[in-house]
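Undergrad: Following this message is one structure expressed as structure tokens.
The values are calculated or read from the model by the stated rules, or taken from the named source; none is laboratory data. Since we're looking at a predicted model, the values are computed, not measured. Here the Cβ positions follow ideal geometry from the backbone for every residue, glycine too, while neighbour counts run over all protein chains shown.
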């Protein structure tokens with residue numbers, strides 16, 4: 001599973017995991033009842049290195065459970081495969 005920061009047509013956004021951006025879009029639309037911005041097969045979804053709030057859906061690993069929402073600035077970090085900050089956002 002890969003995490004995506006999805007933007008909705010109403011201006012809201014959220015984190016959703018899926019096997020690809022389209023999969024995350026379908027999951028998010030079904031669970032929220034909202035429409036993800038962008039084209040049908042190319043949604044407005046950017047990779048996010050860590051989960052962020054609000055979490056729409058996240059894989060619950062049978063052994064390790066869910067990863068906590070480490071990303072505190074998802075709008076700034078969206079599109080990065082790793083955290084671009086030199087230090088923790090909580091400092």
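Undergrad: Out of the range 30-56, which residues are closer than 20 Å to residue 68 by Cβ, touching a strand residue (DSSP E or B) at 6+ places or on another chain (Cβ under 6 Å) and part of a loop (DSSP other than H, G, I, E, B)?
TA: 48, 50, 51, 54 - these are the residues of the range 30-56 that are closer than 20 Å to residue 68 by Cβ, touching a strand residue (DSSP E or B) at 6+ places or on another chain (Cβ under 6 Å) and part of a loop (DSSP other than H, G, I, E, B).
Undergrad: Tell me, which residue of the range 1-29 that is part of a loop (DSSP other than H, G, I, E, B) and within 22 Å of residue 66 (Cβ to Cβ) is modelled with the lowest pLDDT?
TA: The initial filter retains those residues of the range 1-29 that are part of a loop (DSSP other than H, G, I, E, B), namely 1, 9-12, 19-20.
From what is left, the residues that are within 22 Å of residue 66 (Cβ to Cβ) are 1, 12, 19-20.
On the way: 1: 85, 12: 96, 19: 95, 20: 95.
Across the range 1-29, the extreme among qualifying residues is 1.
Undergrad: Is the range 74-86 home to any residue that is assigned to a helix (DSSP H, G or I), out of contact with any helix residue (DSSP H, G or I) (no Cβ under 6 Å at 6 or more places or on another chain) and over 13 Å from residue 13 (Cβ atoms)? Before the answer, list the steps.
TA: Restricting attention to the range 74-86, the residues satisfying the condition of being assigned to a helix (DSSP H, G or I) are 74-77.
Checking the rest, the ones that are also out of contact with any helix residue (DSSP H, G or I) (no Cβ under 6 Å at 6 or more places or on another chain) come to 74-77.
Next, from what is left, pick out any that are over 13 Å from residue 13 (Cβ atoms): none.
Looking through the range 74-86, none of the residues is assigned to a helix (DSSP H, G or I), out of contact with any helix residue (DSSP H, G or I) (no Cβ under 6 Å at 6 or more places or on another chain) and over 13 Å from residue 13 (Cβ atoms).
Undergrad: Which of (1) in contact (Cβ under 8 Å) with a residue 40 or more places away in the chain; (2) loosely packed, with under 15 Cβ neighbours inside 10 Å is the odd one out, the single condition residue 20 does not satisfy?
TA: Failed condition: (1).
Undergrad: Show the residue pairs that are 6+ apart or on different chains and have beta-carbon atoms under 8 Å apart, the first residue being within the range 73-88 and on the phi < 0 side of the Ramachandran plot and surrounded by fewer than 12 Cβ atoms within 10 Å (Cβ to Cβ), the second being modelled with pLDDT of 80 or more and in a helix (DSSP H, G or I).
TA: Close Cβ pairs (under 8 Å, with a partner that is modelled with pLDDT of 80 or more and in a helix (DSSP H, G or I)) amount to 84/76; 84/77.
Undergrad: Which of the residues belonging to the range 32-52 are within 15 Å of residue 8 (Cβ to Cβ) and either surrounded by fewer than 12 Cβ atoms within 10 Å (Cβ to Cβ) or more than 14 Å from the chain's Cα centre (by Cα) (or both)?
TA: Those that are within 15 Å of residue 8 (Cβ to Cβ) and either surrounded by fewer than 12 Cβ atoms within 10 Å (Cβ to Cβ) or more than 14 Å from the chain's Cα centre (by Cα) (or both): 33, 34, 35, 38, 39, 40.
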